[in-house]
Amino acid sequence: MIEIPSGLHKDVVSLAFLLGTWEGAGVHAALPGQGDPETEKCNFGQELVFRHDGRPFIEYRSRTWVLDSEGAKVRPLENEAGFWRVTGNPHGTTGTREIECSLVRDDGTVEIWYGELADGKPQIDLVTDAVARVADSAPYSGGKRLYGLVNGELMWVGEKSAPETPLRPYMSGQLKKVLNPAQLVESVADLPDDGIAFFR
């Protein structure tokens, strides 16, 4: 069941299934010549946060890090942040709802994405409309992404292309929602004064 939090702007209610903090892991495979030997193909951990402040957009932040064979963090992989909006048919009265995302990544890449929210299911398809990058960032000409809620987990896959490389998958993740501790008790007043009380 998808909860609609109080204070959520009516124009982004259709994105409510994304809200919260998600954590999990995935697989990364850099485009040819774009990854260092240790991260060209690797497993990664991810924290993905979607939140709102009452305005007509959802704030987005993603942090990923390389995992070793034991699942321990090795070092950062890539971070990105941005804003998601429903730009066409936000209230779902005419079928397709159009999504717009503006994202910036830590490698100096800025992207504008457009896509659609599937009718009747929590799934979003996105394609880049514009890409800008600083001189030192890796060549990159565009991408596609698919996000979907499947059995309570947020699944996503990203595809990327470069001038010399056709569009191909480069990252995919499987994430579980992190519960807010306040959701586990009926009232904050029910929490013990200190941690020791849990063991009495």
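The values are calculated or read from the model by the stated rules, or taken from the named source; none is laboratory data. Not measured: the values here are computed from a predicted model. For neighbour counting, all protein chains shown are included, and Cβ atoms are generated from backbone atoms with ideal geometry for every residue, glycine included. Just so you know, the surface numbers come from the protein's heavy atoms only, side chains and all, with ligands and any DNA or RNA stripped out. Shrake-Rupley method; radii C 1.70, N 1.55, O 1.52, S 1.80 Å.
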Taking H as built 1.01 Å from N, whose amide H comes closer than 5 Å to the amide H of residue 24, not counting residues under 5 places away?
46, 176
In the neighborhood of residue 23, defined by Cβ-to-Cβ distances under 14 Å, what is the net charge if each Lys or Arg adds +1 and each Asp or Glu adds -1?
+3
Between the modelled labels at residue 40 and residue 59 (7 Å from Cα along Cα→Cβ) the distance in nm is 3.9
How about residue 73: which lysines have a C-alpha closer than 22 Å to its C-alpha, ignoring those fewer than 8 places off in the same chain?
41, 176, 177
As a test of the definition: which semi-axes, in Å, follow for the stretch 16-175 when you take the square root of five times each eigenvalue of its alpha carbon gyration tensor? Largest first, please.
26, 19, 14
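May I ask you to give the solvent-accessible area per residue for the stretch 1-89, in square angstrom, as obtained with a 1.4 angstrom probe?
52
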Show the residues, 5+ positions off or on another chain, whose built amide H is closer than 5 Å to the amide H of residue 88.
98
Please compute the length gained on full extension between residue 27 and residue 165, using 0.36 nm multiplied by the number of residues separating them and subtracting their Cα-Cα distance.
47.8 nm
Carbon and sulfur atoms: what percent of the 1.4 Å accessible area of the stretch 1-72 do they account for?
50
Separation in nanometres of the label points that stand 7 Å from Cα toward Cβ, at residue 118 and residue 151
1.5
Let me have the relative contact order for the stretch 7-58, percent, based on Cα pairs under 8 Å that are six or more residues apart.
50
